[in-house]
Every structure is written in structure tokens, then in C-alpha cells.
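The next block holds one structure in the form of C-alpha cells; read it before the comments.
The values are calculated or read from the model by the stated rules, or taken from the named source; none is laboratory data. Not measured: the values here are computed from a predicted model. Using ideal geometry, Cβ is built from the backbone for each residue, glycine included, and neighbour counts are taken over all protein chains shown. Ligands, DNA and RNA are excluded from the accessible area calculation, which covers all protein heavy atoms including side chains. Shrake-Rupley method; radii C 1.70, N 1.55, O 1.52, S 1.80 Å.
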Amino acid sequence: MEFHLLHIQAILFLVLVASHANVDPETYFKSVLPNTPIPKAIKDSLSNDISINTADQKGSTSYVLSNPKEVIPNYKYHCAASPEQIMNKKTSALFFLENSLRAGKRINLHISKDTSATPLFVPREVADSMPIASNKLQHIYNQFKVNPESTEAKLVNKTVNECEQASIVGKDQYCATSLESMVDFVASKLGKRVKGIETQVDGNERAPLQGYKVEEVKKLNGDDGVICHQEYYGYAVYYCHKTPKISSYKVSLVGENNVRAKAVLVCHEDTSSWNPKHLAFMVLNVKPGTNAVCHFLVENVVAWVPY
Ligand SMILES: *[C@@H]1O[C@H](CO)[C@@H](O)[C@H](O)[C@H]1NC(C)=O
């Protein structure tokens, strides 16, 4: 009898393991956040080719590295601005003060998705089988078929360093190497009543750096949030960080080339822990912990906020 029970338990266990492994990332998302629509940026990174789910066995997962010239860097709050960042009109224009935000405001922005190819999520088991670690760098280069001397390799190395750093700093920073792990991180920080907000530019054309007019400003709930930036890698990897006290806004914009966008921006009400030489302070000429600093989200960034 005892033997029988054990046997049944073992079978049940196997069934559970097997069914867990077979849950595709989209189904997993819905099981953790049942009332949350999948943000478009994330949908774009989901393969509709089912074969990628079994690719670890076949060894045929295809990795996509996008055009390295077009990658938008992201800004860690503990980082000082580099001279290039300050000179770069594309990125320095992203920051502004909350009290300057109103309908009719004109701004120069580059918010359109910049990547020529969207990296796809791989299932968690595949991602976990190839850890992002600096001592595995050569192996990672081989897997992505990237020349170690190339710009692509440098950007991959940068991601590896950032992800390693995130795991050292821990707790509120996280490198999500799969959709499953991103969803788990978001739910662990904010609970299940959470939605992903993102900037969306109409149509498929890429909008260049250009002037936009703010047509309408709508304030969303203010609270803690998690912001996830897509990293440069052979599959979809997001650097996510919990950020306290953000107010977010949805803003309708119309560009000089008449392209319309619904842009999301977040304002950080508490910047006291930021690096005093952070790009935002350089551009806006304010000090940490004083004015709320706002920035637009570019198209491959998702902000998770409670609702
Ligand atoms: C990767 O980046 C780190 C930190 O910037 C650097 O020390 C290292 O030499 C780089 N490795 C390669 C192979 O480029």
C-alpha cells in the first residue's frame, strides 16, 4: 500500500513537472497575472512559432542581435552621466521637470522603437540553462555567433555586466531573462493588481528624433512601480528595477511629421538616492531629492504600476 502511494506520488510529481515545463510563457503570464493584458512590447517578443519551445532539445533556437548602431542606452540611477550622454540630444531630451508638463508644451523626443529586430523570449528553462555570467562570455558569444571583436560583442558584454551587477545589488534590481521570471519579479514587488504601461507610436514607421506637441495629459495612479528596460542580447532580456514613489502620465503627442503617439512618462518624486551626476540633474540643473524628475519611456520599456 505504502509502495503504491509513493508510486502514485511519483507519477503525480512527474506529471506536474512535465506540465509546468510545457506551459508556454504567455500561459504562464496569464496564470500569474490573470487580469492583466500583455503589454505590446512583450507581445512583440513572444514567438508565435511553437517550435522555439522545444528548441533546447533540438538545439535550434535562433538568437537575434539587432543593429548595434540603433540601441538606446538606459540610465541607471546610481550612474553618473558620461560626456556622450550629455551631448546626445536624443537621450538628454528625455528628462524634464514635472511642473513643466502641460498641454501645448513642445518637446524634442525620440521615443520610437529603435531596434531593427526584436529579440524573442525563450522559455525559462532555456534561459536558465545558459546563465548570463561574465565567466561564460566566450560561450555566450559562440551561442549568438557573434565575433568577439565586434560592437555587438561589446554590447552583449555590457548586458552581461549589468545583469551580474543587478544580481549583486539584489532585491530591487533584477535581470529578467524570461517572461516567466519578469512576471514573478513584478508580482513579488507589486502584487497581482498591476498593469504594464508603455509608449506606443502609431503605425509601423519609425519616428525620428523630432519635435512633438503635447496635446493631452492624463495622470495615472501614483505609487511604487517596476520599470523594465529591454537589454541588448540574443533573446529578450529585461533589466527591471523597482522604483519607489513614481507618478505616471499618459500623454497624447503629435509629431512634426504628423505621427501620433500615446507616450508614457514617469516622474520620480524621490531622487535623493540618485547619483548627483546623473544625466537628469545635468540636463535639468537641479539637485537630488528636490524637484520630481520625469522622463518619457521609449517604446521598448514597460512600466508596471498597481491599479
Ligand atoms: C567585458 O566588460 C568588462 C567590464 O567593462 C571588461 O573588463 C572586459 O574586458 C570585457 N570583456 C571583453 C571580452 O570584452
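To the nearest 10 Å², what's residue 63's accessible area with a 1.4 Å probe?
Probe radius 1.4 Å; accessible area of residue 63 about 50 Å².
List, in order, the whole-Hz ³J(HN,Hα) value for each residue of the stretch 241-247 obtained from phi through the Karplus relation with A = 6.51, B = -1.76, C = 1.60 and θ = phi - 60°; use x for Gly and Pro.
Running phi through 6.51 cos²θ - 1.76 cosθ + 1.60 with θ = phi - 60° gives 9, 7, 10, x, 6, 10, 9 Hz.
Which value in nm describes the separation of the simple spin-label points at residue 169 and residue 218, placed 7 Å from the Cα toward the beta carbon?
A separation of 3.2 nm, rounded to one decimal place.
Given 10 °C and 1.306 mPa s, how large is the Stokes-Einstein diffusion coefficient of the stretch 188-298 in µm²/s, with Rh as the Kirkwood radius over Cα pairs? Before the final figure, lay out the partial values.
Working: Rh = 15.7 Å.
The calculation lands on 101 µm²/s.
Points 7 angstrom from Cα along the Cβ direction at residue 43 and residue 139: gap in nanometres?
Spacing of the two 7 Å Cα→Cβ label points: 3.7 nm.
Tell me, what ³J(HN,Hα) does each residue in the stretch 294-307 have, in order and in whole Hz, if you take phi through Karplus 6.51 cos²θ - 1.76 cosθ + 1.60 with θ = phi - 60° and put x for Gly and Pro?
Coupling constants for the stretch 294-307: 10, 8, 6, 9, 7, 5, 9, 10, 10, 9, 9, 9, x, 10 Hz.
List every residue whose amide H lies under 5 Å from the amide H of residue 195, counting only residues 5 or more places away in sequence or on a different chain, with H placed 1.01 Å from N in the peptide plane.
Amide H to amide H, under 5 Å and 5 or more residues apart or across chains, residue 195 pairs with 305, 307.
Could you give the nm distance between label points at residue 79 and residue 260, where each point is 7 Å from its Cα heading toward the beta carbon?
For residue 79 paired with residue 260, the spin-label model returns 3.5 nm.
Within a Cβ distance under 14 Å of residue 172, other residues only, what is the Lys/Arg minus Asp/Glu net charge?
Details: positive: 76, 171, 189, 242, 245; negative: 224, 270.
Summing Lys/Arg as +1 and Asp/Glu as -1 gives +3.
Can you order the peptides 150-157, 264-271 by their average number of other Cβ atoms within 10 Å per residue, highest first? Could you put the intermediate results ahead of the total?
Numbers: 150-157: 17.5, 264-271: 21.1.
Ranked from most to least packed, the peptides come out as 264-271, 150-157.
Taking amide hydrogens as modeled 1.01 Å from N in the peptide plane, which residues meet the under 5 Å criterion relative to residue 88, leaving out close sequence neighbours?
The list, which skips near neighbours in sequence, is empty: none.
What FRET efficiency would be calculated for the residue pair residue 99, residue 32, taking the C-beta separation as r and a Förster radius of 30 Å, to the nearest 0.05?
Working: r = 37 Å, r/R0 = 1.25.
My answer for the efficiency is 0.20.
Given R₀ = 30 Å, what would the calculated FRET efficiency be for residue 269 paired with residue 202, taking r from the Cβ atoms and rounding to 0.05? All intermediate terms of the calculation are to be shown ahead of the outcome.
Values: r = 30 Å, r/R0 = 1.01.
My answer for the efficiency is 0.50.
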